[in-house]
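> Please see the structure below; I have some questions.
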């Protein structure tokens, strides 16, 4: 065996196919994660397995059919391409495993493969720019629970949140500038939402609706998802030359009203009422285009925007598998 360092690039996941059984399996694995839905155990099981999965699988499959390409799931295609590029950049000392927290390629299977070898180091890279318990936290807990059972445990290192990494910011800024944001009436930085309960749990003494994080990064905000999202937007806007009055931060993919606000669809409707007819949308919580970007923003929100009087809504492509991003990933791993 040539390599001595095993790298696990970890994204959220994807169904194996765009059919109901595959989507049902994926949703079941995803939503049964205690860090994703943090209700009492029995209530979570009833809610997920008897209500959400049975009733959402069919509709979710329709969405995945809109996302799917002739080669399969885009998020998986980008992940495989990214892993290949990163491995070439890092050299023979490293082996890079493209993995998903839910679904395939399985993170657990990759860990078990490495368990049978003799490596000096495990490097786990959750591909989430902003920390959240339900994403990065879930990956860290999963890996630790598996590795702690090994007889021989190599050095284990986790790459943490990287929203303020210069390479990440530069790569995303290039994506934004490609679309000439100055030609648009407004820019929206849209992030995946979280339940308010998960955000408030980070700093229970300060409720998210009274926090100053939308204006500046507070001292208690280093691991607060909402604070990190606003800070990501400030950094990218500064790099791209977008003035504060010309952009808005919002949150998408909500499951209830008790999620982070403002909601992206509501923001878009408000912008139309204000006479802003051309809007550029950036999604810096995603390093690869997926259901939430390509379908939710690129199709559904665009349709909503145009239907209500907007003239143009453009989605900035994510980092996907471009070479600048691959070089940044390699540098963070080193």
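> Does anything in region 158-193 have its amide N under 15 Å from the 7 Å Cα→Cβ label point of residue 257, and if so which residues?
Under 15 Å, as judged by backbone N against the label point of residue 257, lies no residue of region 158-193.
> Still on this structure, I have one more. Quick check on the chain: helices-only [θ] at 222 nm, where DSSP H runs of length 4 and up contribute -39,500 (n - 2.57) each and the sum goes over total residues. Nearest 500, please.
Helices in the chain give a 222 nm mean residue ellipticity of -12000 deg cm²/dmol.
> Need the C-alpha centroid separation for region 126-195 versus region 73-104, integer Å.
About 15 Å separates the Cα centre of region 126-195 from the one of region 73-104.
> Continuing with this model, one more query. Return the Rg/Rh value of region 166-315, two decimal places, where both radii are evaluated on C-alpha atoms and Rh is the Kirkwood radius.
Reported Rg/Rh (Cα atoms, Kirkwood Rh): 0.95.
> Beta carbons within 10 angstrom, averaged per residue: use that to sort the peptides 27-33, 123-129, highest first.
Top to bottom by mean Cβ count within 10 Å: 123-129, 27-33.
> I've got another one for you. Rg over Rh of region 73-202, using C-alpha atoms and the Kirkwood radius, what does it come to?
1.02
> Here's a follow-up. Can you list, bin by bin at 10 Å, the percent of alpha carbon pairs in the chain, starting at 0?
The distribution over the chain is 5, 24, 34, 27, 8, 1, 0, given as percents.
> Another question, if that's okay. How many angstrom lie between the Cα centre of region 8-69 and the Cα centre of region 294-327?
Here the answer is 23 Å between Cα centres.
> How large is log10 of I(q)/I(0) for region 5-161 at q = 0.09, 0.16, 0.17, 0.18 Å⁻¹ when the intensity is taken from the Debye formula with one equal scatterer per alpha-carbon?
Evaluating at q = 0.09, 0.16, 0.17, 0.18 Å⁻¹ gives log10 I(q)/I(0) of -0.32, -0.97, -1.07, -1.16.
> Using the per-residue mean of other Cβ atoms lying within 10 Å as a proxy for protection, in what order, highest first, do the peptides 210-223, 75-88 fall?
Descending mean neighbour count gives 75-88, 210-223.
Coordinate-derived values only; no laboratory data. Everything quoted here is computed from the prediction, not taken from an experiment. So basically every Cβ, Gly included, is an ideal-geometry build from the backbone, and we count neighbours across all protein chains shown.
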